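Everything on this sheet refers to the single structure shown next.
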Amino acid sequence: MVVKIIILKDEKPIDQLVMDKDTLIIGRKSESDIVIKDPAVSGFHAKVQRVGEKTVVADNGSTNGVHVKGKRFQQHVVRNNDTVVIGEHSLKFVITGEANAKPGTVRTSPAAEGPGQKKEPSPEALAKARQKLQEQRRAAARVKQKAGQPAPTTPAKQAGGQLRQAMAC
């Protein structure tokens with residue numbers, strides 16, 4: 001089963017990823033697997049988990065909650081084409097395979113694509129790229145810490161630190 005998550009803002013796709021591990025954390029903090037920069041999103045707002053052959057989205061006790069079809073829930077088994085709303089963002093789940101697919105869902109293989117259609121990278125390639133990016137971010141943070149610079153923070157915290165430094169002069 002392949003689970004693709006398309007992140008939308010104002011009904012326009014802004015990012016997408018393939019679920020490459022059993023649990024993904026959704027939140028505003030940079031340590032989250034799916035980072036949503038939105039004040040209505042908690043630091044570690046929710047998680048997406050594979051539970052057996054199902055994919056489940058669970059609220060992590062956030063203030064503003066997680067919604068499907070206008071209803072707030074603590075835990076929801078997502079199905080193909082379900083849209084989960086977190087803050088001002090939506091996450092559309094495209095699930096291929098037997099477990100969560102709705103009856104009658106058509107699945108196509110890359111070989112079935114017509115000429116000129118863009119092929120998506122394999123889940124393995126996406127997982128490697130995501131892991132490489134995370135390693136690069138960690139390495140950059142270590143270099144900055146060794147150089148005596150603080151680890152990267154949010155732009156608001158950076159601006160606050162610069163303001164305190166300017167006031168100290």
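The values are calculated or read from the model by the stated rules, or taken from the named source; none is laboratory data. A quick note: this is a predicted structure, and the numbers were derived from the prediction, not measured. Glycine also receives a Cβ, built like all others from the backbone with ideal geometry; neighbour counts cover every protein chain displayed. To get the accessible areas, we keep the full protein, side chains included, count just its heavy atoms, and leave off ligands, DNA and RNA. Shrake-Rupley method; radii C 1.70, N 1.55, O 1.52, S 1.80 Å.
Within 13 Å of the chain's Cα centre (by Cα), more than 15 Å from SER90 (Cβ to Cβ) and of a type in the set (Asp, Glu): does that describe GLU31? For GLU31, the condition - within 13 Å of the chain's Cα centre (by Cα), more than 15 Å from SER90 (Cβ to Cβ) and of a type in the set (Asp, Glu) - is met.
Annotation: of all residues in segment 1-41 being among the acidic types (Asp, Glu) and assigned to a loop (DSSP other than H, G, I, E, B), the one that is farthest from THR83 (Cα to Cα) is GLU31. If I ask for residues that are part of a loop (DSSP other than H, G, I, E, B) and of a type outside the set (S, T, N, Q), which ones from segment 65-82 would you list? Correct list: GLY65, LYS69, GLY70, ARG79, ASP82. Collect the residues in segment 47-59 that are more than 17 Å from the chain's Cα centre (by Cα), in a strand (DSSP E or B) and not basic (Lys, Arg), keeping them in residue-number order. Selection gives VAL51 alone. Could you tell me whether segment 25-36 includes any residue that is over 24 Å from ALA141 (Cβ atoms), modelled with pLDDT under 95 and surrounded by 13 or more Cβ atoms within 10 Å (Cβ to Cβ)? Looking through segment 25-36, none of the residues is over 24 Å from ALA141 (Cβ atoms), modelled with pLDDT under 95 and surrounded by 13 or more Cβ atoms within 10 Å (Cβ to Cβ). Being within 23 Å of ARG138 (Cα to Cα), of a type in the set (S, T, N, Q), modelled with pLDDT under 95 and part of a loop (DSSP other than H, G, I, E, B) is a property that SER62 lacks. Looking only at segment 47-61, residues that are touching an Asp or Glu at 6+ places or on another chain (Cβ under 8 Å) and surrounded by 15 or more Cβ atoms within 10 Å (Cβ to Cβ) come to 2 in all. Considering segment 62-90, the residues that are farther than 12 Å from ILE5 by Cα and small (Gly, Ala, Ser) include one that is surrounded by the most Cβ atoms within 10 Å (Cβ to Cβ), namely GLY87. Just one of the listed residues (PHE44, PHE93) is aromatic (Phe, Trp, Tyr) and either part of a strand (DSSP E or B) or open to solvent by less than 80 Å² (accessible area, probe 1.4 Å) (or both), namely PHE93.
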